Amino acid sequence: MVKKWWKESVAYQIYPKSFYDTNGDGVGDLNGILAKLDYLASLGVDLIWISPIYQSPMADNGYDISDYYKIDPIFGTNEELDELIGEAAKRHIRIMMDLVINHTSDEHEWFQKAKQDIQGPYGQYYIFKEGVAGGPPNNWRSLFGNSAWEPVEGTNFYYLHTFAVKQPDLNWENSFLRSQLYQMVNYWLDRGLGGFRVDAITFIKKDVTFQNYPADGLDGLVNMSTVSLNQPGIEVFLNELKECTFDRYDCITVAEAPGVPYSDLGAYIGEKGFFNMIFDFSYADMDLTNGEWFKPTNWTVKELRDLVYASQLAVEAAGWGATYLESHDQPRAIYKYLKAENRHYYGATLLATLYFMLRGTPFIYQGQELGMRNAERSDISQFDDISTLDQYQRALEFGLSAEEALYHMNQRSRDHGRTPFQWNGELHAGFTTGEPWLSVPDTYKIVNLEQQLQDEQSILSFYKQLIQLRKHSEYAQTIVYGQFKPVLLAYENLFAYERILNDQTILVLCNYCEEPLTIENCYDVKETLINNYKQLAVCKEVIGLQAFQCVVLAINGH
Ligand code: GLC
Ligand code: CA
């Protein structure tokens, strides 16, 4: 097993618009991250992924880039990023940026030129096709709703957009365009960047037949993720990307790679994989049918456990993974994974332990370490996220009432993870002295950093314990590199697994339900490393767990 710094890291994701605002314009900025570096260092993280900060019209909050070489003025300047990288390095923290190269903004100079001259060189940067019978070239549906094709005014051409209309897809078949992208990646790595989280990368290779597929909805369309994910031939692009960029640096790459079957994982994250690790989505959306927010499932703890374990075993066999509970695309974990009555300290810390002790590099999303809550809205107009507006429309078309549709958006909106970080109990949670771009939910009065810093029993303190254990204890190597082994599978509401390295064995037990549980076993407990309750009932060969109790135990091997 190969040791790497990025396997031993604990990562923290920042959504820059909502982290900390230093100039009162209501939007977080790079100086805000700089101002809070000491907090992040005290938390114990050593890797920060910042969601996109490039120049952007912000149709999708920065995931629509109009200049890859320039930091958007709303966040600051290129020099301020240099300073942030330097100051972070002093604290042994590396900075990662988002790499969004499946598409650009329609306001990118390349696209502006392309539209003027579709058959010219810039036209080759994007995917233009002629319409068919007065309609789009085929029946593909964008991930944000409606046809994935948008007509170019005054022509018979359409351009392809996997995501929003303002996010035209780049044409990866064009080798010159690819070389332009690689140059840009190296520009940032040369500036001292620690690496990249690579956005939507499994979409870059299209099905070049551009044929129609059987519809999967009443609109006669088929989802892009059914027809254009992880297509044969993508390995040529991904290998080239790696060889021309990442391989030349000691950097970290984490790919957002939906649609990769476990049988293909080796190509992505193996020894010679395209990336160091990927985010596996196999359980992130287990509460949804076909990813539709308005079609919830009745998932059980056992089903979640089966998916998590299957993911762990597949990733372990292939290489390395990134583990996470939350992101800027997800509601808050305590809402997604817990019923209303269980969104308490024990529930939140159980979820934290459950994923943090898995094999893989853990990512903490800003505010997760406080147990930040969803921000319920009373009207659809109060949402900002384009995906929410689209899902709402789809829910109505599906036949739900406005009230029902709103209910589902309140369960699932991406805005829940995007509300400003709750620093203290003052106005706007101390995020800004101006008007926040997205309103702060009232819960900031009870959930905020200042209050949790003073509380040894807080969710924050618990996260710190987990980080300490993973990074600085005598069990650190076992937690990072140890083999993952599911145990005690007969208990349906129990997440139980071992991590084994040489002569050390760690046992993780998470009683994911309201009922106390008695486990009969033959474990010989050496030491309790983590416990979200004050006590643990161990009596001879029986371990008793309270509702939502989680423990990490060092045990004598067997
Ligand atoms: C990724 C991002 C998401 C964005 C999309 C389009 O899924 O995480 O926020 O909307 O890509 O770039
Ligand atoms: Ca600002």
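The values are calculated or read from the model by the stated rules, or taken from the named source; none is laboratory data. What you see is a predicted model; the values in this text were computed from it and never measured. Positions of Cβ are generated from backbone atoms using ideal geometry, with glycine treated the same way; all protein chains shown enter the neighbour counts.
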Selected residue [out of contact with any strand residue (DSSP E or B) (no Cβ under 9 Å at 6 or more places or on another chain), within 16 Å of ligand 1 (Cβ to nearest atom) and closer than 29 Å to SER387 by Cβ] from ASN23, ASN61: ASN61
Quick one: would you say PHE383 is within 16 Å of ligand 1 (Cβ to nearest atom), more than 26 Å from ALA310 (Cβ to Cβ) and modelled with pLDDT of 95 or more? yes
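Okay, residues lined up against (1) closer than 14 Å to ILE118 by Cα; (2) of a type in the set (Asp, Glu); (3) surrounded by fewer than 19 Cβ atoms within 10 Å (Cβ to Cβ); (4) away from ligand 2 (no atom under 16 Å from the Cβ):
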| position | (1), (2), (3), (4) |
| --- | --- |
| ASN146 | no, no, yes, yes |
| TRP149 | no, no, no, yes |
| THR155 | yes, no, yes, yes |
| LEU160 | yes, no, no, yes |
| ALA164 | no, no, no, yes |
| GLN167 | no, no, no, yes |
| LEU170 | yes, no, no, yes |
| SER179 | no, no, yes, yes |
| ASN186 | no, no, yes, yes |
Taking the options GLU130, GLU173, GLU150, name whichever one is out of contact with any helix residue (DSSP H, G or I) (no Cβ under 6 Å at 6 or more places or on another chain) and under 18 Å from ALA59 (Cβ atoms). GLU150
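I need the helices (runs of 4 or more DSSP H) fully contained in the stretch 1-89, keeping only those with at least 3 residues that are surrounded by 22 or more Cβ atoms within 10 Å (Cβ to Cβ) and at pLDDT 95 or above.
Values: elements: 5-8, 30-35, 37-43.
Where helices (runs of 4 or more DSSP H) fall fully within the stretch 1-89 and carry at least 3 residues being surrounded by 22 or more Cβ atoms within 10 Å (Cβ to Cβ) and at pLDDT 95 or above, they are 30-35.
Conditions (1) within 16 Å of ligand 1 (Cβ to nearest atom); (2) modelled with pLDDT of 95 or more, marked per residue:
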site: GLU397; (1), (2): no, no
site: TYR407; (1), (2): no, yes
site: ARG414; (1), (2): yes, yes
site: GLY417; (1), (2): yes, yes
site: TYR444; (1), (2): no, yes
site: VAL447; (1), (2): no, yes
site: GLN451; (1), (2): no, yes
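So that you can scan it fast, the table gives a plain yes or no per residue for (1) of a type in the set (A, V, I, L, M); (2) under 25 Å from VAL254 (Cα atoms); (3) at pLDDT 95 or above:
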residue	(1), (2), (3)
PHE294	no, no, yes
GLU316	no, yes, yes
ARG332	no, yes, yes
LYS336	no, yes, yes
ALA340	yes, no, yes
TYR346	no, no, yes
LEU358	yes, yes, yes
ASP390	no, no, no
Is it true that ARG197 is within 16 Å of ligand 1 (Cβ to nearest atom) and out of contact with any helix residue (DSSP H, G or I) (no Cβ under 6 Å at 6 or more places or on another chain)? yes
Which condition from (1) under 20 Å from the mean Cα position of the chain (by Cα); (2) modelled with pLDDT under 95; (3) surrounded by 19 or more Cβ atoms within 10 Å (Cβ to Cβ) is the one that SER228 breaks? (1)
Take the conditions more than 23 Å from PRO232 (Cβ to Cβ) and among the hydrophobic types (A, V, I, L, M, F, W, C) and apply them to PHE163. Does it pass? no
Mind checking which pairs have a first residue in the stretch 387-409 that is of a type in the set (Phe, Trp, Tyr) and a second that is part of a loop (DSSP other than H, G, I, E, B), Cβ under 8 Å, 6 or more apart or different chains? TYR392/PHE383; PHE398/LEU218
What do you reckon, is VAL132 at pLDDT 95 or above and either within 16 Å of ligand 2 (Cβ to nearest atom) or over 30 Å from SER413 (Cα atoms) (or both)? yes
Could you list, in sequence order, the residues of the stretch 69-93 that are more than 16 Å from ligand 2 (Cβ to nearest atom) and either in contact with an Asp or Glu (Cβ under 7 Å, 6 or more places away or on another chain) or among the β-branched types (Val, Ile, Thr) (or both)? ILE85, HIS92, ILE93
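Taking into account only those residues within the stretch 234-263 that are within 18 Å of the chain's Cα centre (by Cα) and crowded, with 16+ Cβ neighbours inside 10 Å, which is farthest from ASN171 (Cα to Cα)? I'd like the intermediate steps shown before the answer.
Applying the first criterion (within 18 Å of the chain's Cα centre (by Cα)) to the stretch 234-263 yields 252-260.
So of that shortlist, the ones also crowded, with 16+ Cβ neighbours inside 10 Å come out as 252-258, 260.
Working: ILE252: 25, THR253: 22, VAL254: 22, ALA255: 19, GLU256: 19, ALA257: 18, PRO258: 20, VAL260: 21 Å.
Out of the qualifying residues, it is ILE252.
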Given the residues VAL260, VAL301, which is the only one that is in contact (Cβ under 8 Å) with a residue 24 or more places away in the chain, in contact with a helix residue (DSSP H, G or I) (Cβ under 7 Å, 6 or more places away or on another chain) and either under 27 Å from LEU400 (Cβ atoms) or not small (Gly, Ala, Ser) (or both)? VAL260
Just give me the residues in the stretch 59-75 being under 11 Å from SER105 (Cα atoms) and of a type in the set (D, E, K, R), in sequence order. ASP60, ASP64, ASP67
(1) without any contact (Cβ under 8 Å) to a residue 24 or more places away in the chain; (2) surrounded by fewer than 16 Cβ atoms within 10 Å (Cβ to Cβ): which one isn't true of ASN212, the others all being true? (1)
Picking from TYR54, TYR12, which residue would you name as being of a type outside the set (A, V, I, L, M, F, W, C), under 25 Å from THR323 (Cα atoms) and more than 14 Å from ligand 2 (Cβ to nearest atom)? TYR12
Looking only at residues in the stretch 437-495 that are among the charged types (D, E, K, R) and under 26 Å from the mean Cα position of the chain (by Cα), which one is surrounded by the fewest Cβ atoms within 10 Å (Cβ to Cβ)? ASP442
Before we move on, is GLN366 at pLDDT 95 or above, farther than 21 Å from ASP60 by Cβ, surrounded by 15 or more Cβ atoms within 10 Å (Cβ to Cβ) and under 24 Å from the mean Cα position of the chain (by Cα)? no
Residues of the stretch 141-178 classified as part of a strand (DSSP E or B) and either of a type in the set (Val, Ile, Thr) or out of contact with any Ser or Thr (no Cβ under 7 Å at 6 or more places or on another chain) (or both), total: 8
Has the stretch 94-109 got any residue that is modelled with pLDDT of 95 or more, more than 26 Å from THR388 (Cβ to Cβ) and in a loop (DSSP other than H, G, I, E, B)? no
